[in-house]
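Comments concern the structure below.
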Amino acid sequence: MIVYKYVTSAGDDIIRNLRIMVNSSRSFNDPFELIPAIENITSEQVNQAVLKNDHYLRHIYKIGIASGRIEKSYDQFKQENQNPERSKIVSKNMAQNTTKNMRATAKKSREDVDRVALMACFCGETIDNHHEILMWAHYAEGYKGLRIAFDSNMLNSPSTPLIEMKYSKDRLRLNPIDYWKNGIQSLNKFYGEMLTAKSSAWAYENEYRWLVPVSLCKKDGRYYYVPIDSKAIIGIDCGVQCSEERISYIKKLVQSNLGESTFIRKTVIDDYEYKLKYIDSI
């Protein structure tokens, strides 16, 4: 499979230095990146899911013992929390604070992801003509930039997975009750799903996201990069607004760094329809 990266004129760096810039999710243009919707819960839900759930009550008890806040036996702790008057107060407080606390946890989880892995974004090859026009306009400096074609097999690996994004009009929702019932494994699974979740407003991008451990990235100034093999680049498309002088420069850069097998094409607009055509540039 081919994946494309639309780049500004600064994208020449990919060809010249054989590296791809990677960023944290916080630098992306979608404000909803890795931020789930946390559902509000009622005191009755808390009472049933926590205070009447022996497994989770023991979990709370162990935390309290470890922190020194609880010194009584588990049976005493359980009996106190299942007292109708006390359970009413506790479940109300937990219901009021849980959503707020879980949102703080979600924010921290996003920061944890950014410390562990950085990302680069690509576009799938099945993008249609209409959406292609938008990608050039939004990400390639108004058609002055380039579209670089990559062999996805040269990027995708167990340590650097290339994942396909999934689009929906509804945000992923995290119900704290599910977490209480199923523990940390359910939370990890949920955040795994968050890595691929985007609004359907972005579906035109047909995005693939490259996840790279920070340990494999190299810092140059303020930015992080991942080295790539020259064979990973299949070809270069020059935007409609690229001058002949610039196309000539790109040809020389490709010939010196990538070799003769890499295609170079010029992008032109169709004479009759709202679509682009790609012409071999010799």
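The values are calculated or read from the model by the stated rules, or taken from the named source; none is laboratory data. The structure presented is a predicted model; accordingly, all values stated were derived computationally and were not measured. All Cβ positions, even for glycine, are placed from backbone atoms using ideal geometry, and neighbour counts span all protein chains on display.
If I ask for residues that are under 18 Å from ASP151 (Cα atoms) and among the hydroxyl-bearing types (Ser, Thr, Tyr), which ones from the range 2-26 would you list?
If the condition is that a residue be under 18 Å from ASP151 (Cα atoms) and among the hydroxyl-bearing types (Ser, Thr, Tyr), then TYR4, TYR6 are the ones that fit.
Out of LYS189, LYS218, which single residue is of a type in the set (Lys, Arg), in contact (Cβ under 8 Å) with a residue 24 or more places away in the chain, in the same structural domain as MET135 (by TED's automatic domain parsing) and out of contact with any His (no Cβ under 6 Å at 6 or more places or on another chain)? First the steps, then the outcome.
Numbers: LYS189 fails: in contact (Cβ under 8 Å) with a residue 24 or more places away in the chain.
Step by step, each of LYS189, LYS218 is checked, and only LYS218 is of a type in the set (Lys, Arg), in contact (Cβ under 8 Å) with a residue 24 or more places away in the chain, in the same structural domain as MET135 (by TED's automatic domain parsing) and out of contact with any His (no Cβ under 6 Å at 6 or more places or on another chain).
Quick check, is GLN82 of a type outside the set (A, V, I, L, M, F, W, C), farther than 30 Å from ASP220 by Cβ and over 35 Å from the mean Cα position of the chain (by Cα)?
Working: of a type outside the set (A, V, I, L, M, F, W, C): yes; farther than 30 Å from ASP220 by Cβ: yes; over 35 Å from the mean Cα position of the chain (by Cα): yes.
Yes; evaluated as a whole, the condition is true for this residue.
Please count how many residues of the range 44-64 are touching a residue at least 24 places away in the same chain (Cβ under 8 Å), over 34 Å from the mean Cα position of the chain (by Cα) and part of a helix (DSSP H, G or I).
Number of matching residues: 5.
Condition first: surrounded by 15 or more Cβ atoms within 10 Å (Cβ to Cβ), under 25 Å from the mean Cα position of the chain (by Cα), in contact (Cβ under 8 Å) with a residue 24 or more places away in the chain and part of a strand (DSSP E or B). Can you find one or more residues in the range 24-36 that meet it?
Checked against the condition, which is being surrounded by 15 or more Cβ atoms within 10 Å (Cβ to Cβ), under 25 Å from the mean Cα position of the chain (by Cα), in contact (Cβ under 8 Å) with a residue 24 or more places away in the chain and part of a strand (DSSP E or B), the range 24-36 yields no hits at all.
Report whether or not SER87 is of a type in the set (Ser, Thr, Tyr) and outside the structural domain of LEU216 (by TED's automatic domain parsing). Give the steps one after another, and end with the answer.
Numbers: of a type in the set (Ser, Thr, Tyr): yes; outside the structural domain of LEU216 (by TED's automatic domain parsing): yes.
Taking the combined requirement at face value, the residue satisfies it.
Scan the range 199-233 for residues that are surrounded by 15 or more Cβ atoms within 10 Å (Cβ to Cβ) and over 20 Å from PRO161 (Cβ atoms) and report the count.
Number of matching residues: 2.
Could you pull out every one of the helices (runs of 4 or more DSSP H) wholly within the range 91-209 that has 3 or more residues that are over 30 Å from LYS78 (Cα atoms)?
Values: elements: 129-139, 176-182, 184-194.
Passing ranges, in order: 129-139, 184-194.
What residue, of TYR74, TYR4, is among the aromatic types (Phe, Trp, Tyr) and either touching a Cys at 6+ places or on another chain (Cβ under 6 Å) or on the phi > 0 side of the Ramachandran plot (or both)? Reasoning before the result, please.
Numbers: TYR74 fails: either touching a Cys at 6+ places or on another chain (Cβ under 6 Å) or on the phi > 0 side of the Ramachandran plot (or both).
Result of the check over TYR74, TYR4: TYR4.
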